[in-house]
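S.K.: Take this structure first; my questions come after.
The values are calculated or read from the model by the stated rules, or taken from the named source; none is laboratory data. From a predicted model like this one, the values you see are computed outputs, not experimental measurements. Here Cβ is always computed from backbone atoms with ideal geometry, including for glycine, and neighbour counts include all displayed protein chains.
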Amino acid sequence: MKAWLTHHRQALISSFAQLLKTPFASLFTLLAIGVSLSLPAGLYLLLQNMTQIVGALPAQTEITVFMQNDAGAGDISAFKSRLAHIAGIRDSRFVSRNTALAALSLQMGIPDLASELPENPLPDAWVIVPSTAEPATLKQLAASLRTLPKVALVQSDEQWAQRLQALLALGRYMFTLLACILAVALISISGNTIRLQILTRFDEIEVSRLIGATSGYIRRPFLYFGALQGMLGGLVAWLAVTIATMQLEPYIHSLTQLYASPFRLRTLSIEEIMILLLGASAIGWVGAYLAVGRTLAQIEKSP
């Protein structure tokens, strides 16, 4: 057991030595791996922030019905009576144009907005809460509301929320596809780097094989090197994503202040960073394993 641990420690030390022996080549390789990994990591972080925005949206679906500008009190009363005979409505709330203008004035921070306008440009509106969020039922309910007299516009919150969810689903698919493509590319990068090392130590590997060294013993330093190279590349990717997030944070903060939103741009969590580093190490390990396996197969076939 002690000898086994000693071999692993020596292999790890040898991997660090190999990186330090060619600092410029190692640096460019780590930058290539880091930049490649930062693309899916950045896309993942973007999707997480978009999901955070969607999660902050009201869970209750609403349909807003805007009345025509010439709708009077009698029209409003008639509309309320018709709502009672439409199925699929759980609750309804009338928002007068004056109430809407007052809320807008408060939101914009202009208390005397009403006095500065020649007339109130906002229409009366009804906020309808459907009894179900089923898309087909909502579509049918919105169509029924459009047929009522003095209705200018019917707007359903579900429409753009569904579009946003569809965009997020597309983004997740693109993240998975991009991650798979880059994983194959990074395995090739790691394998080529290991292959160059194998070429410089080919005679040493052949001699070790002849004196009875096992495949695991020969592979071990290269596997450590590939895993270490991948982990350091993952660290570069994390630094790149973190720096980009820090650069964007002031602009996002200024934008959210304009909309009076508490949204804060999130960064990668400790668990996500660990997954990134372990995933990058695994990719480097696989690349090294394939490269060394190919070399060992060539040695065994040689006379």
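So that you can scan it fast, the table gives a plain yes or no per residue for (1) charged (D, E, K, R); (2) modelled with pLDDT under 75:
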| site | (1), (2) |
| --- | --- |
| 181 | no, no |
| 186 | no, no |
| 189 | no, no |
| 197 | no, yes |
| 203 | yes, yes |
| 209 | yes, yes |
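Conditions tested, residue by residue: (1) in contact with a Leu (Cβ under 7 Å, 6 or more places away or on another chain); (2) under 21 Å from residue 156 (Cα atoms); (3) modelled with pLDDT under 70; (4) hydrophobic (A, V, I, L, M, F, W, C).
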{"position": "55", "(1), (2), (3), (4)": "no, yes, yes, no"}
{"position": "62", "(1), (2), (3), (4)": "no, yes, no, no"}
{"position": "78", "(1), (2), (3), (4)": "no, no, no, yes"}
{"position": "91", "(1), (2), (3), (4)": "no, yes, no, no"}
{"position": "97", "(1), (2), (3), (4)": "yes, yes, no, no"}
{"position": "105", "(1), (2), (3), (4)": "yes, no, no, no"}
{"position": "109", "(1), (2), (3), (4)": "no, no, yes, no"}
{"position": "117", "(1), (2), (3), (4)": "no, no, yes, yes"}
{"position": "127", "(1), (2), (3), (4)": "no, yes, no, yes"}
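S.K.: Looking at region 64-74, which of the residues that are surrounded by 11 or more Cβ atoms within 10 Å (Cβ to Cβ) and at pLDDT 85 or above is farthest from residue 171 (Cα to Cα)?
M.R.: 68
S.K.: Scan region 15-34 residue by residue and report those that are crowded, with 16+ Cβ neighbours inside 10 Å and either modelled with pLDDT under 75 or not in a helix (DSSP H, G or I) (or both).
M.R.: 15, 18, 19
S.K.: Then there's this: So if I check each of 37, 12, 5, which one is modelled with pLDDT of 70 or more and of a type in the set (A, V, I, L, M)?
M.R.: One residue alone meets the criteria, 37.
S.K.: I've got another one for you. Could you list, in sequence order, all residues of region 133-155 that are part of a helix (DSSP H, G or I), modelled with pLDDT of 85 or more and basic (Lys, Arg)?
M.R.: 146
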